[in-house]
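These notes are about the structure you will find just below.
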Amino acid sequence: MKVVFAVQGEGRGHLTQALTLEKMLTDHGHQVVKILVGQSQARPMPAFFGQRAKAPMQGFLSPNFLPSKANKTVGLGKSIAFNILKSPSYLSSIRFLNRQFKESGADLIINFYEILTGLCHYVYHPDIPMVCIGHQYMFLHPDYPFPKAHYLSQKLMMAFTWATCLGATRLLGLSFRHVPDDDAHLLSVVPPILRKEALNTPRLHGDYITGYILNSGFSESIMQWHTKHPEINLHFFWDKCNSEETTRIDDTLTFHAIDDHKFLHYLANCRAYATTGGFESVCEAMYMGKPVMMVPAHVEQECNAHEAKLQGAGIVADQFDMDQLLEFSQAHEEDIKFRQWENEAELMVISRLETAVEQYRHAETIRFGIFGTTFSTI
């Protein structure tokens, strides 16, 4: 089976999922022939992705959410205006995607929550099945536990999610826990796609707190807390433009540029973990048995944080007040059921991808059976 990836390049979650799935598919005898990455001018693609991806890779201009003036939360109005102005470029990207899909010779498109890929599939109907993968597809499940606040933002998020999967053959919703599939929405519920390094890294209980902040504006609140508690060691990862690999503020506060291997090392050996609420790193922390504090930067992260809190993974806060995290960590217990659920991920995901292609081929065989003659598309 030949596969082409289309990946949303915002943050690190979808990128690490793509790298992990590429390895899984290869191990099962399949081939990823091309990786197409939606990028923005505001946020360059992390270096680790280009270094670790095996398949040929190409970028294309794709919509993204711009940060607020303080570089903490999403600037919704600014993002909408910016993306409207960029719409002619996005139309060019959709045509580019269509050409790439046709030329790839792929049997399957896997879309990691990339909106132009969904629009391309809807407009051009390439004769290739598309499976969409992401935690965001759990938002379409009728039993998803949404937080009460920000109803309008949730509706906009749902509309965006639907746009990413237009014409999809199947959706794979990455979930913190096992829940029944929702066949009405073509939704299969599967465990998170975590890299083998996260599953196999030895874990220790160190004396420091580590963290990941997508928007570097949160560094101010971290430094404010640090001035009151200089005795607590802090190691945070950020995406600050033009920053050094390591920015050492003093003996007990260091900011690191995003680096996958270094991040895993610090996460595996930390005392507790603080983040803005991205799904991927919260799952990694859960698997490693680390208590988590989540400070959401936008509505999607609010949903992630609310759901993780219900799972007992951590607490939700409106600022990086590590006092709350330290208090929570004293009573935190490792979630063994989550580890058992996650260990089923590879076989569940690969089997559902293979089934999606088989069912699509079977449907095509029936569709082309005309006047008593069957023309198989296999």
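Can you find even one residue in segment 317-324 that is surrounded by fewer than 24 Cβ atoms within 10 Å (Cβ to Cβ), in a helix (DSSP H, G or I) and polar (S, T, N, Q)? Yes - at least one qualifying residue is present in segment 317-324. Somewhere in segment 190-199, is a residue touching a strand residue (DSSP E or B) at 6+ places or on another chain (Cβ under 6 Å) and within 21 Å of L267 (Cα to Cα)? Yes, segment 190-199 contains a residue that is touching a strand residue (DSSP E or B) at 6+ places or on another chain (Cβ under 6 Å) and within 21 Å of L267 (Cα to Cα).
Of all residues in segment 2-37, those satisfying the criterion of being modelled with pLDDT under 95 and over 14 Å from I193 (Cβ atoms) are Q8, G9, E10, G11. Taking (1) more than 21 Å from V299 (Cα to Cα); (2) modelled with pLDDT under 95; (3) open to solvent by less than 30 Å² (accessible area, probe 1.4 Å) in turn, S281 satisfies each apart from (1).
Looking only at residues in segment 303-316 that are touching a residue at least 60 places away in the same chain (Cβ under 8 Å) and farther than 13 Å from C283 by Cα, the one that is least open to solvent (accessible area, probe 1.4 Å) is C303. Screening K78 on (1) surrounded by 16 or more Cβ atoms within 10 Å (Cβ to Cβ); (2) modelled with pLDDT under 95 shows it passes everything except condition (1). Selection of segment 97-117 for residues being in contact (Cβ under 8 Å) with a residue 40 or more places away in the chain and in a helix (DSSP H, G or I) yields L97, Q100, F101, S104, I115, L116, T117.
Looking across segment 164-178, the residues that are over 15 Å from I110 (Cα atoms) and open to solvent by 20 Å² or more (accessible area, probe 1.4 Å) come down to R177, H178. In the condition set (1) among the aromatic types (F, W, Y); (2) open to solvent by less than 30 Å² (accessible area, probe 1.4 Å); (3) part of a helix (DSSP H, G or I), Y266 is compliant with all but (2). Taking first residues from segment 272-285 that are within 9 Å of Y212 (Cα to Cα) and in a helix (DSSP H, G or I) and partners that are open to solvent by 10 Å² or more (accessible area, probe 1.4 Å) and not β-branched (V, I, T), the Cβ contacts under 6 Å between residues at least 6 apart in sequence or on separate chains come to S281/Y212.
For segment 149-161, which residues satisfy the criterion of being farther than 12 Å from C303 by Cα and surrounded by 15 or more Cβ atoms within 10 Å (Cβ to Cβ)? Listed by number, the residues that qualify are F160, T161. Of the residues screened, E300 is not one that is modelled with pLDDT under 90 and open to solvent by less than 50 Å² (accessible area, probe 1.4 Å).
The values are calculated or read from the model by the stated rules, or taken from the named source; none is laboratory data. In this text, all values refer to a predicted model and were calculated from it rather than measured experimentally. Here the Cβ is made from the backbone with ideal geometry for all residues, glycine too, and neighbour counts use every protein chain on show. What goes into the accessible areas is simple: the full protein's heavy atoms, side chains included, and nothing from ligands, DNA or RNA. Shrake-Rupley method; radii C 1.70, N 1.55, O 1.52, S 1.80 Å.
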